[in-house]
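Quick notes on the structure that follows.
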Amino acid sequence: MNTLKAEKRTMDTKAKRLRREGYVTGNVFGREMEGSLPVKIEKSAVEKLLKTNNKGSQIMLDVDGQSYDVLIKEIQFNPLKGQVDEIDFQALVSNEKVHSVAEIVLVNKLEAGVLQQHLEEISFRALPSALVDKIMVDVGDMKVGDVIKVKDLAIAQDKDVDLKTDLEAAVVSVAAVHVDPVLEAEEEAAAEEEAK
């Protein structure tokens, strides 16, 4: 499990100023915490963490030497500046189920047909020990007409996980390649012209 170092921040320094100084602001909240704990994290540390972790990932957050087992709950990305502005964490309690999401990652190449991904993530509740942030879906053996539904995923068989996403929802499907005969003829004619 990755560890991210953070510092408690006082509210007398504005978030905008901290971002200019190279920090990402954030909050830690949880059932066993009174209120939320405002934190600041070095931008480079957040960028490094987000290469391997994302929303829904479980990490250790070290705030001034105190460790918290947390879930990355929300990431606010600033598209104009191409950077993360804010990141929020939920402190986990070992015997309490938390709501989270797992990213769907498609693996292997399709032999034939057009792959259509219908879901980007799966929503669920689970104890901290059963949390997952990525679900690998092997599409290598899929053929035209095949559909993988949420109920077909390994996470759906895990008794420690309560799925919130509809079990009948399609995750990925394979459609036949539809070629427009007019377009194909035009492309062939263009290719013949170039060959001359």
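The values are calculated or read from the model by the stated rules, or taken from the named source; none is laboratory data. Being a predicted model, the structure only gives us computed values, none of them experimental. Glycine also receives a Cβ, built like all others from the backbone with ideal geometry; neighbour counts cover every protein chain displayed. Only protein heavy atoms, including side chains, enter the accessible area calculation; ligands, DNA and RNA are left aside. Shrake-Rupley method; radii C 1.70, N 1.55, O 1.52, S 1.80 Å.
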Practice task
Please give the helix 181-195 orientation as an angle from the longest Cα principal axis of the chain, in degrees from 0 to 90, rounded to the nearest 10.
Solution key: 80
Handout entry: Apportionment of accessible area to carbon and sulfur, the chain, percent (1.4 Å)
Key = 48
Completion exercise
Computed, not fitted: 222 nm per-residue ellipticity of the chain from DSSP H runs ≥ 4 (each -39500 (n - 2.57)), nearest 500, equal to -4000 deg cm²/dmol
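Order of 21-29, 114-122 by packing, highest average Cβ count within 10 Å first?
Answer by packing, highest mean first, reads 21-29, 114-122.
Please list, by residue number, every one of the trypsin sites (Lys or Arg not before Pro) in region 1-39 that is coil in DSSP and has at most 11 other beta-carbon atoms within 10 Å. Don't jump to the answer; show the numbers that get you there.
Details: sites: Lys5, Lys8, Arg9, Lys14, Lys16, Arg17, Arg19, Arg20, Arg31; in loops: Arg9, Lys14, Arg31.
Of the trypsin sites (Lys or Arg not before Pro), the ones in loops of region 1-39 whose Cβ has at most 11 other Cβ atoms within 10 Å are Lys14, Arg31.
Quote the Stokes-Einstein diffusion coefficient, in whole µm² s⁻¹, for the chain, based on the Kirkwood radius over alpha carbon pairs, a temperature of 25 °C and a viscosity of 0.890 mPa s.
124
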Problem - Size of charge dipole - the chain - debye, nearest 20, with Cβ of Lys, Arg +1 and Asp, Glu -1, no other charges - result: 1400
Completion exercise
Taking placed amide H atoms and a strict 5 Å upper bound, the residues 5 or more places from Val172 or on another chain that come that close are His118, Ile148
Completion exercise
In Å², rounded to a whole number, the accessible area per residue of the chain with probe 1.4 Å is 61
Handout entry: Antiparallel DSSP beta bridges within region 1-108, as percent of all bridges there, nearest 5
Key = 70
